[in-house]
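Student: Dumping the structure here so I can ask a few things about it.
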Amino acid sequence: MEEKKETFKSGEKGFAVFWLLIGAFFFYQSWLMYRESPSAESHGAVPLFVSGLIVVFSIIILVIDRNKVSENHGRSVGAMLKDTLEKTLPKDIVITLLMILFYCIGLLEGLGFYIATPVFLWAAMSYLMRKDYLKNLLWTALCVGFIFAVFSTLFKVVLP
Amino acid sequence: MENLQYLLITFTDPMLLLLVAVGCFAGVYIGAIPGLSAVMAVSLLVSFTYGWETYSAIALMIGIFVGTVYGGSRSAILLNIPGAPAAVATSLDGYPMALKGEAGRAMGIATTQSVIGTLLGIAALAFCAPLVAKFAMNFSSVDYLLLGLMGMMMVGSLNCKSIFRGLLTAALGVLLGTVGMDTMTAVPRFTFGISYLNAGVDYVVAMIGFFGVSEALIQIRSKDVKAVKQKVDKIIPSWDTILKYVPLTVRSSVVGAVVGALPGAGGDIAALLTYDQAKRTVKNPEVPFGEGAVEGIVAPEVANNAAIGGAFIPMLTLGIPGDAVTAVMLGALTIHGLKPGPNLMNTTPDLFYLIVSCLVVASICLVFFGLTGVKIFTKIVELPKGILLPLIIILSVVGSYAINKNLYDIFWMLGFGVLGYFMKHFEYPVAPCVLGIILTSLLEENYRRGIVLKEGVLGLAGSIFTSPLSLILFLLIVFMFATQTKPYKRWKGKRNEAKQKKKAGV
């Protein structure tokens, strides 16, 4: 029986390299900790072991996946990077992430939950729907009302 | 006779009945909201019910506990966002069923199986409490270490391209779990001078990020796809359907109650363990596991609810909580002047039977609330994603802030959300990572205790082969790993092919 050929997403193989780098960084940091008290029951032993595992597993993944064909196979490095970036982080994701980030910064800067939240909700809904701007106002009011009723009033949850 | 009187306390007091019902109703919806967990709800209740009479406080908390454990399955089925860790396994087949328009059927099965699971867990609590607690007492630190590793192995091998991807993210979870002040030596680890990190990574924050925000981001990629109209006309499953799965139900409830009774191992591990067990033992599911198999909902839903009864066993008889929620309840009982432990059943037997009867009432309420609110709740998935996704993000923000009331938690949650987005996009499972964070303390404490007791790594490894229980757990881990490797799968594929050819030849 012929095995089904797996096609990898653009950047999927590179993600294993990311894990390898993360694992290597934490392995080094764990080694520094372990050196302070070099014994099997020290505070650095478990981090050293698990970061070592991350390194080992990422190498295994890289070896297993080395012959797999990627979506952007055969292209130049520049074209591959561009393709990976476009497919991994499409415009909608980037803009939504930026909106979330601005919303969180607004909360951190003391803008207030009941000001920042309706603005974020309406902006995000309007961007993602790209229509019904007035209807989205109603949805925003409903969502804020729900949060107020359930979290603030019923469960007395402290809002950011 | 005296015990029967204690059992009837809840049934004869309308106020207690009302409190359990209100708790259960609220719990179903709290559990369904991503980011709101049973731990958080019960923790909040502890502060509200501080001045209440003990019976009333316990009745409300038990109602909420049972409701939230079940409620987690709703968002797992409808949104692929488990409302609680115990519902992670439910989403693996529940969500594919919802994608086919069978959300109503999935939730009906989840409800009935949750009720059966809760009742069987209560039976375990009422009749087997002393025995199971005695068995759990025999577990050594090596056994707990192996149990934790087994949990990681199971969740790491679920639904991913390769077992190594699952194991890698599980290892990452444990690494994240070690961030902060070491509980044994008070030495800071991976804090890089940032005082915020001294407290470590909050697993609820990570869970909200990995399951809430990352899912919202992933769904933005398909925001223009029309939502599948869900079939909710026949929610209540037929007797035939329930009877068909009785063997699996019984098996899963036994595992759920036993795992729930083991300290540190709650409904989440029980659900994943039974899901894995069902995947291995059910020969011909109607559809394959991971694509909407009913068995994939039955096993975890029975187990996570059976674990509720199980979790109370060590808490009430030994004073050791079975999971995070019972840990909070342990605190609540102490606040009310009670001392859970071996003497609790002698000094305050009424309390033990009150808990048992409150659990029975809660499961009866679950039938009603679980099967009635489905149609309204199902409408949520029919909402345009452009409306739903920003709301999920806001709920995630509120949920992550509510735990410690720290604005920086929101940024961490967001960071985990972005990492989870990349992981999901590149097909690395996020569940093992969250489980890794949760299990780190169990793994590390038992590993270090084992090292001290067995005088070194060699002594610890050697002790596995001197204890039958440790050896069984170890062999199970080896078996689980071996059956998830490509050579084994290839061999199994060839064997099945040969069998089919033989059949066709005959």
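The values are calculated or read from the model by the stated rules, or taken from the named source; none is laboratory data. Remember, it's a predicted structure, so these values are computed and weren't measured experimentally. Using ideal geometry, Cβ is built from the backbone for each residue, glycine included, and neighbour counts are taken over all protein chains shown. When the accessible area is computed, the model is the full protein with side chains, heavy atoms only, and any ligands, DNA or RNA have been set aside. Shrake-Rupley method; radii C 1.70, N 1.55, O 1.52, S 1.80 Å.
Student: When you scan segment A:5-48, how many residues do you find that are assigned to a helix (DSSP H, G or I) and in contact (Cβ under 8 Å) with a residue 40 or more places away in the chain?
Tutor: 7
Student: Taking the conditions exactly as written (open to solvent by 10 Å² or more (accessible area, probe 1.4 Å), among the aliphatic types (A, V, I, L, M) and in a loop (DSSP other than H, G, I, E, B)), does residue B:255 satisfy them or not?
Tutor: Answer is no for this residue.
Student: Kindly indicate the residue of segment B:406-450 that is at the interface with chain A (Cβ under 8 Å from one of its Cβ atoms) and not in a helix (DSSP H, G or I) and also most open to solvent (accessible area, probe 1.4 Å) among those meeting that condition.
Tutor: B:427
Conditions (1) closer than 22 Å to residue B:450 by Cβ; (2) basic (Lys, Arg); (3) at pLDDT below 90, marked per residue:
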{"position": "B:128", "(1), (2), (3)": "no, no, yes"}
{"position": "B:145", "(1), (2), (3)": "yes, no, yes"}
{"position": "B:151", "(1), (2), (3)": "yes, no, yes"}
{"position": "B:159", "(1), (2), (3)": "no, no, yes"}
{"position": "B:179", "(1), (2), (3)": "no, no, no"}
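Student: Could you grab me the full set of residues in segment B:485-504 that are open to solvent by less than 80 Å² (accessible area, probe 1.4 Å) and away from every other protein chain (no Cβ under 12 Å)?
Tutor: B:488
A quick yes/no check of all residues on (1) over 20 Å from the mean Cα position of the chain (by Cα); (2) outside any helix (DSSP H, G or I); (3) surrounded by 14 or more Cβ atoms within 10 Å (Cβ to Cβ):
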{"site": "A:73", "(1), (2), (3)": "yes, yes, no"}
{"site": "A:81", "(1), (2), (3)": "no, no, yes"}
{"site": "A:119", "(1), (2), (3)": "yes, no, yes"}
{"site": "A:126", "(1), (2), (3)": "yes, no, yes"}
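Student: A follow-up question, please. In segment A:39-55, how many residues are farther than 27 Å from residue A:15 by Cα and among the small types (Gly, Ala, Ser)?
Tutor: 3
Student: Tell me the residue from B:439, B:388 that is under 23 Å from the mean Cα position of the chain (by Cα) and of a type in the set (A, V, I, L, M), please.
Tutor: After applying the criteria, what remains is B:439.
Student: Then there is this: Answer yes or no: is there a residue in segment A:90-100 that is part of a loop (DSSP other than H, G, I, E, B), at the interface with chain B (Cβ under 9 Å from one of its Cβ atoms) and out of contact with any Pro (no Cβ under 9 Å at 6 or more places or on another chain).
Tutor: yes
Student: Taking residue B:35 as the residue in question, decide whether it is crowded, with 24+ Cβ neighbours inside 10 Å and either more than 20 Å from residue B:209 (Cβ to Cβ) or modelled with pLDDT of 75 or more (or both).
Tutor: no
Student: Quick one: what pairs do we get from segment B:397-410, first residue touching a residue at least 24 places away in the same chain (Cβ under 8 Å) and more than 16 Å from residue B:211 (Cα to Cα), second open to solvent by 40 Å² or more (accessible area, probe 1.4 Å) and part of a helix (DSSP H, G or I), C-beta under 7 Å, 6+ apart or different chains?
Tutor: Note: pairs meeting the criteria are B:408/B:196.
Student: Taking the condition closer than 30 Å to residue A:86 by Cα, within 11 Å of chain A (Cβ to nearest Cβ), β-branched (Val, Ile, Thr) and assigned to a helix (DSSP H, G or I), does residue B:403 pass?
Tutor: Against the criterion (closer than 30 Å to residue A:86 by Cα, within 11 Å of chain A (Cβ to nearest Cβ), β-branched (Val, Ile, Thr) and assigned to a helix (DSSP H, G or I)), residue B:403 does not qualify.
Yes/no per residue for (1) more than 8 Å from every other protein chain (Cβ to nearest Cβ); (2) farther than 22 Å from residue B:411 by Cβ:
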position: A:109; (1), (2): yes, no
position: A:116; (1), (2): yes, no
position: A:121; (1), (2): no, no
position: A:128; (1), (2): no, yes
position: A:137; (1), (2): yes, yes
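Student: Then there's this: State yes or no: is residue A:60 open to solvent by less than 70 Å² (accessible area, probe 1.4 Å), within 9 Å of another protein chain (Cβ to nearest Cβ), at pLDDT 90 or above and part of a helix (DSSP H, G or I)?
Tutor: Yes; evaluated as a whole, the condition is true for this residue.
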